[in-house]
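The values are calculated or read from the model by the stated rules, or taken from the named source; none is laboratory data. Everything quoted here is computed from the prediction, not taken from an experiment. Glycine gets a Cβ as well: all are built from the backbone with ideal geometry, and neighbour counts include every protein chain shown.
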Amino acid sequence: METKKFIIKIDPGLLVPSNTLKKYYLVAMGLVGVMLLTIIGFWGWMPMSVPLFFTAPWGEARLAPKIFLFLLPIVGFLVVVVNLILAKIAKEVSRILTQVLVIGAMIIEVMLTIALLGIVQSVI
């Protein structure tokens with residue numbers, strides 16, 4: 001019995017050019033900058049404690065000192081750096097994996113930025 005093979009003749013690297021991948025990293029790093037500027041810009045108007053731990057029970061358990069807001073851009077920066085390193089390693093193995101890592105880093109940055117803007121909006 002003959003088995004049929006599914007063959008894709010399009011190189012996945014041609015679907016998303018490398019300039020696009022660089023743009024995603026630039027957007028992600030730009031969002032880290034936006035987060036830093038937001039924290040610095042609203043620093044004087046924020047109370048000493050801000051709601052940061054939304055998975056904790058309602059009340060004081062959700063509050064953290066406002067200096068902890070810098071964790072969001074730090075985590076975002078680390079995600080971009082780790083994904084960049086993994087993408088360079090995975091470049092030889094799979095081009096689709098590099099694209100997933102790049103887009104994943106940008107999505108995480110967008111989510112962190114939205115979270116930070118929500119926190120700032122809720123306390124001001």
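Regarding region 44-59, can at least one residue be identified that is part of a helix (DSSP H, G or I), without any contact (Cβ under 8 Å) to a residue 12 or more places away in the chain and under 25 Å from residue 24 (Cα atoms)?
Checked against the condition, which is being part of a helix (DSSP H, G or I), without any contact (Cβ under 8 Å) to a residue 12 or more places away in the chain and under 25 Å from residue 24 (Cα atoms), region 44-59 yields no hits at all.
Hey, can you tell me all the residues within region 83-124 that are exposed (fewer than 13 other Cβ atoms within 10 Å of the Cβ), closer than 23 Å to residue 47 by Cα and among the β-branched types (Val, Ile, Thr)?
114, 124, listed by residue number.
Within region 1-40, take every residue that is of a type in the set (Val, Ile, Thr) and farther than 26 Å from residue 117 by Cα and give me the one that is modelled with the lowest pLDDT.
That would be 16.
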